[in-house]
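Enquirer: Next up is a structure, given as structure tokens.
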Ligand code: COA
């Protein structure tokens, strides 16, 4: 297998983008990534597009072909594949692209993610998102994603020492980082009081514990490491790519406050990279709800179960803490266009490793991304390193 590098990245701004269509978003992110890699579209061999639910969000299926067509690649007839794993679609598209390059099947490959979530009513959007859970046993019984993560939060807070203020601090930290990220949906800092006084969504989760509904797209370009310097002075090497699955329904889990797929994929990623937790300088985790970030830090093994709330309160996960978590603002403040999120996480880590993260720049040589589908039925983890 060949070593693989990221040679270009691009991302739209995230938010409610009324003036941009689904295809506009993808084309903008793709063009930015091509420009970043000093490439033209004709040099692309294959395309993998993460997208969760264009069929329900914009009534469009056959996304692989649509994207290739609007990227001007239809007459080149390149293979273009849609990848779907709910909110982990982007991370999984990246993994498929790595496999294509590492195997020698393709040379220059685009991994992208795109979602246009705001063209339907919020109720329809929440219902579409619920289709990532078990429709028969969860969705039809009325469980929404905020509801499912609220159950995790209740269970966690019953068993482990996590205060409501520590949970709120996750959102405060991520809004602080989002305020330093020009692509973020929310660019305002907030206080613990903002979170605690916001409307209750699903007890104990309030509005500011939730990621928002977002439009956006991100794209990255991969090539064999051995030729990466032809395109960029700062290739970023893929050190590990791991994926794990779990039961789709939360109630079937061994322990609903531990995402076993995160635990397993995390172990595989560290083993593949030959690294330990101390070697990781930043992590982009899947904070679709504040409790998601608390569980992720622990399930990835950065601390033991029950410690993440205190670490967050102590500033360990803050921008300039010992382990910066979600320097982009995370899903909470940067936004969560579900199919694009996994690629945006890669985009953020690449910017940090290249020293191009502007006001939120930290010192980093290696970064990790953690992308979750559903309540943890799919988890995709990557480790990237500066060359
Ligand atoms: N955090 C902070 N502010 C938010 C927000 C969020 N998550 N979601 C919306 N807002 C703000 C809006 O900007 C708007 O502010 P304004 O009045 O100043 O313009 C206000 O709150 C109302 O926005 P609206 O779009 O009407 O919110 P809503 O009540 O329809 O939706 C949620 C709020 C929390 C229900 C929705 O964002 C949601 O379902 N989030 C979870 C998404 C999800 O499950 N993703 C998949 C996870 S796996």
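Enquirer: Just to verify a result, which residue in the stretch 316-346, among those that are in contact (Cβ under 8 Å) with a residue 24 or more places away in the chain, more than 16 Å from the ligand (Cβ to nearest atom) and over 8 Å from the mean Cα position of the chain (by Cα), is nearest to residue 67 (Cα to Cα)?
Expert: Filtering the stretch 316-346 for residues that are in contact (Cβ under 8 Å) with a residue 24 or more places away in the chain, more than 16 Å from the ligand (Cβ to nearest atom) and over 8 Å from the mean Cα position of the chain (by Cα), the one nearest to residue 67 (Cα to Cα) comes out as 327.
Enquirer: If you take the residues in the stretch 151-168 that are closer than 17 Å to residue 376 by Cβ and crowded, with 22+ Cβ neighbours inside 10 Å, which one is farthest from the ligand (Cβ to nearest atom)?
Expert: In this case the residue turns out to be 156.
Enquirer: Limited to the stretch 253-272, what total is found for residues that are within 17 Å of the chain's Cα centre (by Cα) and part of a loop (DSSP other than H, G, I, E, B)?
Expert: Of the residues in the stretch 253-272, 1 are within 17 Å of the chain's Cα centre (by Cα) and part of a loop (DSSP other than H, G, I, E, B).
Enquirer: Oh, and also: Only residues that are within 16 Å of the ligand (Cβ to nearest atom) and in contact with a strand residue (DSSP E or B) (Cβ under 6 Å, 6 or more places away or on another chain): list them for the stretch 2-30, please.
Expert: 14, 17 - these are the residues of the stretch 2-30 that are within 16 Å of the ligand (Cβ to nearest atom) and in contact with a strand residue (DSSP E or B) (Cβ under 6 Å, 6 or more places away or on another chain).
Enquirer: Name the pairs: first residue in the stretch 74-101 and without any contact (Cβ under 8 Å) to a residue 24 or more places away in the chain, second residue within 16 Å of the ligand (Cβ to nearest atom) and part of a helix (DSSP H, G or I), Cβ to Cβ under 6 Å, at least 6 apart or on different chains?
Expert: Every condition considered, no pair remains.
Enquirer: Also: Which one of the conditions (1) in contact (Cβ under 8 Å) with a residue 24 or more places away in the chain; (2) over 20 Å from residue 228 (Cβ atoms); (3) exposed (fewer than 15 other Cβ atoms within 10 Å of the Cβ) does residue 19 fail to meet, given that it meets all the rest?
Expert: Here residue 19 clears every test but (1).
Enquirer: Here are some conditions: (1) more than 14 Å from the ligand (Cβ to nearest atom); (2) assigned to a loop (DSSP other than H, G, I, E, B); (3) in contact with a strand residue (DSSP E or B) (Cβ under 9 Å, 6 or more places away or on another chain); (4) within 30 Å of residue 130 (Cβ to Cβ). Residue 275 meets all but one. Which one does it not meet?
Expert: Failing condition for residue 275: (4).
Enquirer: Give 248, 297, 221, 213 a once-over and let me know the one that is assigned to a helix (DSSP H, G or I) and either under 21 Å from the mean Cα position of the chain (by Cα) or within 14 Å of the ligand (Cβ to nearest atom) (or both).
Expert: When all the criteria are applied, what remains is 297.
Enquirer: Could you please give the count of residues in the stretch 117-138 that are more than 13 Å from the ligand (Cβ to nearest atom) and free of Cβ contacts under 8 Å to residues at least 40 places away in the same chain?
Expert: Total meeting the criteria: 2.
Enquirer: Could you tell me which of the residues 229, 237 is buried (at least 16 other Cβ atoms within 10 Å of the Cβ) and either within 16 Å of the ligand (Cβ to nearest atom) or at pLDDT 95 or above (or both)?
Expert: 237
Enquirer: In addition: Just checking, how many residues over the stretch 67-88 are outside any loop (DSSP other than H, G, I, E, B), surrounded by 16 or more Cβ atoms within 10 Å (Cβ to Cβ) and touching a strand residue (DSSP E or B) at 6+ places or on another chain (Cβ under 9 Å)?
Expert: 8
Enquirer: Right, another one. Just checking, how many residues over the stretch 173-210 are farther than 13 Å from residue 331 by Cα, within 12 Å of the ligand (Cβ to nearest atom) and assigned to a helix (DSSP H, G or I)?
Expert: Residues in the stretch 173-210 being farther than 13 Å from residue 331 by Cα, within 12 Å of the ligand (Cβ to nearest atom) and assigned to a helix (DSSP H, G or I): 3 in total.
The values are calculated or read from the model by the stated rules, or taken from the named source; none is laboratory data. This is a predicted model, so every value here is computed, not measured. Glycine gets a Cβ as well: all are built from the backbone with ideal geometry, and neighbour counts include every protein chain shown.
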